[in-house]
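Working notes, beginning with the structure itself.
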Amino acid sequence: MKRYLSLILVSGSWLLAQQGDPFSSSIRPFLTRNCQGCHNAQNKTGGISVEPLTSAASLTTNADAWEKILHKVKTGEMPPTGFPKPAPAARNVFTTWTETELDRLAALRPDPGRITIHRLNRTEYNHAVRDLLAVDFTPADDFPADDAGYGFDNIADVLSLPPLLMEKYLSAAGKVSRQALGLVKITPALDRYSADKRRSQRGRISDDLPFGTRGGLVVKHRFPADGEYLLRIRLSGQFDKTIPAPLLDLRLDGARLKLFETPISMEEEEEEKRRFELRVPVTAGRHEVAITFLEETWKTEDAAPKLLNVDFVEIGGPFNPKPNLNSPSRQRIFTCQAQTEACAQSLLSNLARKAYRRPVTPADTASLMRFFRMGRQDGGTFDAGVQLALKSMLVSPNFLFRSERAGTPMKVGEVAMERVADLDLASRLSFFLWSSLPDDELLTLAIQKKLHEPSILRAQVKRMLADSKSRALVSNFAGQWLHLRNLPQMKPDPDKFPEFDTELRESLGRETELFFEAVVREDRSVLDFLDGPFSYLNERLAKYYGIPGVTGSRFRKVALTGNQRSGVLTQGSILTVSSYPTRTSPVIRGKWILENFLAAPPPPPPPNVPELKTEEIGATASMRQQLEQHRSNPACASCHTRMDAIGFALENYDAIGRWRTHDGKFPIDPSGTLNGQPLNGAADLKALLRGREEEFVGCLTEKLLTYALGRGLERADKPVVRLISRNLSREDYRFSSLVLGIVESLPFQMRRAVTVSSSEVKNVRHP
């Protein structure tokens, strides 16, 4: 941080020395010529007037206004379309000087941001329970949905605590503690899993099924206890009676349980012939049950003969359940075996250290032991005492909330602040990269107060990114940044898009998840999100995209040529979540890219905007013709000019991501102009974004920093975003460099000082 401060101060002094008084010679004339006509004291368009910005000193008193102006000029939003654009050289002088001065002043008076008590959201709760107790159980799925802010559901300010959630916490704590100890009284139950009627069973449907099979169903079922279970299969459909009846293959975790012969004759009313069942012993835990047909080898003149399908499978039980005293969760809990108070105190202290993310105090231990004694007395067993103490641990604020303690006082620039305590740094790091608790290695380093050391911190970040738990970045960060979480709720019109079924929906989402995971795992450039020349496809998805040479249901990495599908913007998942159920929307797609790739969201639409006449699109008018009429309203034109140009560049892709050349009977016209630069299709759009990589990298940095901090970014964070982005360009834009830049940043490692006396403050060497 000291080096960063010196660089900013030196660069600012050099610029002033080179230009004399750049404000008078360049900056003020730029504002007068390009901004003052609209942003004056009378009009104050957008709530900004440049008239108070008459000197370089105004950067200190009006930093918010200067940041807004800098952003608008850099993104080309200002001056708006229809007004003369400044010469590139003048624009560069203005943005360079303004950015340098804002960063220099921010380095003198930095602000790491406020600290807010942070409740675990649903994902974090499930992961924390998993990593604490090794239970295959996701109780938070039953919690109320988490509120989101700034695009993410881990924002501390909006994670409220309604009364219903407290009830859910109590219920979940009881279920989890009993499940972990195997104390659940289990009565036989019957669960049914139905095959998706919209998914064809004419071919191999899953990588989890052997080659040479067709159709069927694969389910992952949690068996609550060791015992005997009933597996019942029901078939549907008819088949040609002149050909051999298919063989039905039932498997558990890939191993065949039984090969059923299906009857040659099967009428609709013969229900007993359609059902096949088997009782088998199964151990507790999550297992995979697979039902499929051995692929028929007969020949028929009928191109699409009638075939039997799997309708559903029912899993019933357990019958004669047995306690599992060697389950992973019991092994995790019982670090000692003697049923004594000393053993109870030892194992509870060990669990509390992990659950509370810090060393336990005597008060922690005393509280847990009180519950242990109450449970042991009421339940009559050692396990009952441990269960009640564990339940109290899971509803403790120490587990449910992340609250930070006072850190090391120090001074950065002219401002006193505190270094985040190592234990809190461990939690910040683990919830950022894993959405879960710190593991033993991270906690041990934090307790030893070594985690903040730069070499150790960097090593831990790389270790954590390589761990399988970093897939939380895919499901949580990417799922929200790229709106992949919306894909399961998208319901394209089945009449217009009959080929869109559950299998295709899952394949589209899986492609984007694997792409993001590859960028993380292979430490690729984040610019690959724009036009990375590869993807992950299976046969169904490759044929959907028109890409030859891919066979089978397994996803594999495929090298791409051209720009039709490179990067994430032209992947079917993104194109589907940015469309309506019946048609594309250049407005939604343009807005999506402005928000998520350029950090330049348009303002909300004005009231009483007329709707498009969607019934005419493709029949009597093209989408472009409809939007051109809509843009004729001056109130709409300023924003739509930018959104529509971006959206129309993707208009060759329909509402479910297929390539097309016509919209109904009208040929697609993907041309447009953005900030004076012509666009003609997806290739031009990607090239434009590549040419504005600074804006994309800044936007991605803002998104990931917001997610990492669990709060919305403020004006004081803008210089930090710029610094991380600049450093990233020198590291080939590698994903790990972006993560390290965030982890090593001032807002991640520092906090506002609460009360600091001058005698306690010492100069900072590294945050």
- Could you check Glu414 against (1) under 23 Å from Ser737 (Cα atoms); (2) surrounded by fewer than 23 Cβ atoms within 10 Å (Cβ to Cβ); (3) touching a residue at least 60 places away in the same chain (Cβ under 8 Å); (4) touching a Leu at 6+ places or on another chain (Cβ under 9 Å) and say which number it fails? (1)
- Does segment 523-544 include one or more residues that are small (Gly, Ala, Ser) and either in contact with an Asp or Glu (Cβ under 7 Å, 6 or more places away or on another chain) or in contact (Cβ under 8 Å) with a residue 40 or more places away in the chain (or both)? yes
- Query: When both residues are 6+ apart or on different chains and their Cβ atoms are under 9 Å apart, which pairs have a first residue that lies in segment 100-118 and is in contact (Cβ under 8 Å) with a residue 24 or more places away in the chain, and a second that is in a helix (DSSP H, G or I) and among the aromatic types (Phe, Trp, Tyr)?
  - Reply: Glu101/Phe23; Glu101/Trp66; Leu102/Trp66; Ala107/Tyr4; Pro112/Phe748; His118/Phe431
- Query: If you take the residues of segment 195-221 that are surrounded by 15 or more Cβ atoms within 10 Å (Cβ to Cβ) and basic (Lys, Arg), which of them is modelled with the highest pLDDT?
  - Reply: Arg214
- Tell me, which residue of segment 532-566 that is closer than 16 Å to Thr512 by Cβ and in a helix (DSSP H, G or I) is modelled with the lowest pLDDT? Arg540
- Task: Count, please, the residues in segment 390-429 that happen to be assigned to a helix (DSSP H, G or I) and out of contact with any helix residue (DSSP H, G or I) (no Cβ under 6 Å at 6 or more places or on another chain).
- Result: 7
- Task: Please identify the pairs in which a residue from segment 50-75 that is over 14 Å from Gln36 (Cα atoms) has its Cβ atom under 6 Å from the Cβ atom of a residue that is of a type in the set (S, T, N, Q), counting only partners at least 6 apart or on another chain.
- Result: Leu70/Thr98; Lys74/Thr95
- Message: Considering only segment 468-479, I want to know if a residue exists there that is outside any helix (DSSP H, G or I), surrounded by 19 or more Cβ atoms within 10 Å (Cβ to Cβ) and of a type in the set (A, V, I, L, M, F, W, C).
- Response: no
- Task: Could you tell me whether any residue of segment 39-50 is on the phi > 0 side of the Ramachandran plot, out of contact with any Phe, Trp or Tyr (no Cβ under 9 Å at 6 or more places or on another chain), in a helix (DSSP H, G or I) and modelled with pLDDT under 85?
- Result: yes
- Query: in the same structural domain as Pro601 (by TED's automatic domain parsing), part of a helix (DSSP H, G or I) and either of a type in the set (Ser, Thr, Tyr) or crowded, with 20+ Cβ neighbours inside 10 Å (or both): does that describe Phe529?
  - Reply: yes
- Candidates Val135, Val129 - the one that is among the β-branched types (Val, Ile, Thr), outside any helix (DSSP H, G or I) and within 30 Å of Pro328 (Cα to Cα): Val135
- With Thr123, Thr96 as the choices, which residue is within 30 Å of Thr61 (Cβ to Cβ), in contact (Cβ under 8 Å) with a residue 40 or more places away in the chain and among the β-branched types (Val, Ile, Thr)? Thr96
- Query: Does Leu161 satisfy being in contact with a strand residue (DSSP E or B) (Cβ under 9 Å, 6 or more places away or on another chain), surrounded by fewer than 17 Cβ atoms within 10 Å (Cβ to Cβ) and at pLDDT below 95?
  - Reply: yes
- Could you tell me which residue of segment 126-153 is surrounded by the most Cβ atoms within 10 Å (Cβ to Cβ), considering only residues that are under 18 Å from Pro224 (Cα atoms) and touching a residue at least 40 places away in the same chain (Cβ under 8 Å)? Val129
- Query: Of the residues that make up segment 710-722, is at least one β-branched (Val, Ile, Thr) and more than 22 Å from Asp153 (Cα to Cα)?
  - Reply: yes
- Task: May I ask you to list the residues in segment 669-680 that are surrounded by fewer than 23 Cβ atoms within 10 Å (Cβ to Cβ) and touching a residue at least 24 places away in the same chain (Cβ under 8 Å)?
- Result: Asp669, Thr673, Leu674, Asn675, Gly676, Leu679, Asn680
- Query: What residue, of Asp669, Asp663, Asp654, is modelled with pLDDT of 95 or more and within 19 Å of Thr570 (Cα to Cα)?
  - Reply: Asp654
- Message: Can you tell me which condition Ala384 does not meet? The list is (1) surrounded by 23 or more Cβ atoms within 10 Å (Cβ to Cβ); (2) closer than 30 Å to Ala366 by Cα, and all the others hold.
- Response: (1)
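The values are calculated or read from the model by the stated rules, or taken from the named source; none is laboratory data. These figures come from a predicted structure and were not determined experimentally. Glycine gets a Cβ as well: all are built from the backbone with ideal geometry, and neighbour counts include every protein chain shown.
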